[in-house]
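Data block below; observations after.
Each reported figure results from applying straightforward, stated rules to the coordinates on display, with no laboratory input. This is a predicted model, so every value here is computed, not measured. Heads up, the Cβs are rebuilt from the backbone with ideal geometry, glycines too, and the neighbour counts pull from every protein chain shown.
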Amino acid sequence: MIAKQKYDYIIVGTGPGGATIAKELSKKKKRILILEYGPRYTKTGEITVTRKLFLDKEKKPIKSDSGIWIGRTRILSGSSYVAMGNAVTPPNKILNEWNIDLSSELESAREDLRVKLMPSHLIGDGTQKIITGAKSLGWEMKPTPKSVDFSKCVGCGICMYGCPTNAKWTTLEFIDESIKNGAELLLNTEVKKVLHENGKAVGVSILNNGSISKIYGKNIILSAGALETPRILQNSGIKEAGKGIGLDVFQSIYGYTEDVGMKNEPIMAVYLEKFLEDKGFFSAPYMYPTITLVRNLVDFDRIKYGILNQLRTIIKTRKVKAKKLIGMMTKIRDEITGEVRNDGTIIKSLTKKDRESLDEAYEINKKILIASGAKPDTITRGVYESGHPCCTAPIGKVVDKNQESSISNLYVSDASVFPSPPGIPPILTIVALSKKLSKYLITNS
Ligand SMILES: Cc1cc2nc3c(=O)[nH]c(=O)nc-3n(C[C@H](O)[C@H](O)[C@H](O)COP(=O)(O)OP(=O)(O)OC[C@H]3O[C@@H](n4cnc5c(N)ncnc54)[C@H](O)[C@@H]3O)c2cc1C
Ligand code: SF4
């Protein structure tokens, strides 16, 4: 017999997927428990955030076996804490390919995230130079839709280290609303696997304060992100999870100008629409805060941010004259390959087609940077990177169209369920999919 099922819903993870479900279901006065691996993090700034948030359990940067850097954070609010505030509606082409209608949910997501186009007064000088450069090639840059309250935004450009003015939306807003509505939250708690009896989910096994225990609930929603959800599914007996991963891989490219650079200005303030629909390229002006830029250009392996390494990084940083550096990046829709293994290893290489796309994107960005005043002999390619792991429990393969797994009452709602990499900032799509699942759960359970 199942022990007392105290909760209607146990939600695992507080990124855009989990937090949306928590918010929507808590409005219906359901008994909800939210389980989160990490702590509530409040600091913003450069080195501290980089050191603490972008490393794996062994305190190493997350990389695939072939060396693709992967960014994600495990704290309350997941990777929304470090997001750039881009809130892009997926092109119809992608939703048609997925055969999913999200129109009403996307509209509601845009309202919740207060999405507005980047205002011209916050666009920095470097970006302005790129807009003009692209225009001279016949390519128009459009203001990026952002989930940012521009009345509070000071245009500091360090969104990926946490917003110091609270201008940027994060899922902390949804979580706090859920708690107000009665949801319970347990931090610093790692969900290991889903407990099930006779093909039906009945609870989860957790690691908290060094000890393993069990919590019972009627429905389990996994939203631990595309790198962790498949591992929990595998531990729960769903072995096909994690067979294949998409990354929306990107590569940044930089060049020095005689005069202006993009230091300390909003990143991806505008984007190039021209190649989005036909080539699936999401291209935008791009610049890291200097400390990360050094890592991106130098690619020194296995950074452990001990005091000595912080000093080394600062010294290298001085050599990068970010005040005169401009940059671009392009995310591509990479092919799903590789796997996420249960030990946390990420197997993922670029295919020939992926490399061709990245090379083509590089040539386009190089043209734009040179047209914007970058000296051709200073053009430098960054490393291959990703901030959008996805597709590790895709709809139609690991979960059905209602995002339910082969274990009934076990649902998945995060970037894992994407049928293919969208190649665009995915938060709005994850929120919309989670709203759709919430509606289904409210109606059917
Ligand atoms: C630097 C950076 C910038 C980005 N900028 C943008 C942007 O501007 N716009 C955009 O749309 N996207 C952006 N992204 C991508 C976006 O942040 C992610 O795609 C999105 O957060 C994924 O949401 P998710 O719900 O799938 O998972 P996550 O956000 O990864 O959330 C997963 C949650 O589960 C928790 N968790 C993990 N394992 C467990 C476990 N075993 N038990 C309990 N809890 C667990 C984690 O701590 C986390 O809270 C960015 C990503 C990065 C890294
Ligand atoms: S540019 Fe600065 S103030 Fe504006 S949203 Fe980003 S971090 Fe916040």
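The table that follows gives values for the structure above.
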item	result
Among beta bridges that DSSP assigns inside the chain, antiparallel share in %, nearest 5	70 percent
Order of Leu233, Leu227 under a 10 Å beta carbon neighbour criterion, fewest first	Leu227, Leu233
Under-5 Å amide H pairs with Ile34, H placed in peptide plane, nonlocal only	Ile11, Glu184, Leu185, Leu186
Extreme residue, positive dipole direction of the stretch 45-170, given options Ala87, Gln128, Gly157 (C-beta unit charges)	Gly157
Label point distance in nm, Arg40-Glu107, each placed 7 Å from Cα along Cα→Cβ	3.5 nm
Exposure proxy ranking, count of Cβ atoms within 10 Å, fewest first, for Val148, Val399, Val260	Val260, Val399, Val148
³J(HN,Hα) computed for each position of the stretch 93-100 - Karplus, 6.51 cos²θ - 1.76 cosθ + 1.60, integer Hz, glycine/proline x	3, 5, 5, 5, 4, 7, 6, 10
P(r) of the stretch 196-285 over all Cα-Cα pairs, binned every 10 Å from zero, in whole percent	11, 27, 20, 16, 20, 6, 1
Cα-derived Rg over Rh, computed across the stretch 64-148 with Rh taken as Kirkwood radius	1.04
Integer Hz, Karplus 6.51/-1.76/1.60 couplings in order for the stretch 385-394, x for Gly and Pro	9, 7, x, 10, x, 7, 6, 9, 8, x
Cβ-based exposure ranking for Cys156, Cys163, in which fewest neighbours within 10 Å come first	Cys156, Cys163
Förster-model FRET efficiency, 25 Å R0, Val383 and Ile442, C-beta, rounded to 0.05	0.05
Mean projected area (nm²) of the alpha-carbon convex hull when the stretch 352-432 is viewed from all directions	7.4 nm²
Alpha-carbon Rg with Dmax, taken over the chain, Å	21.3, 73
Additional length obtainable on full extension of the chain from Glu97 to Glu356, 0.36 nm per residue less Cα span	91.0 nm
Burial order of peptide ranges 169-175, 432-438, 381-387 (average beta-carbon count within 10 Å, highest first)	432-438, 169-175, 381-387
Test item: Cα-centred dipole of the chain, Lys/Arg +1 and Asp/Glu -1 on Cβ, debye	1120 debye
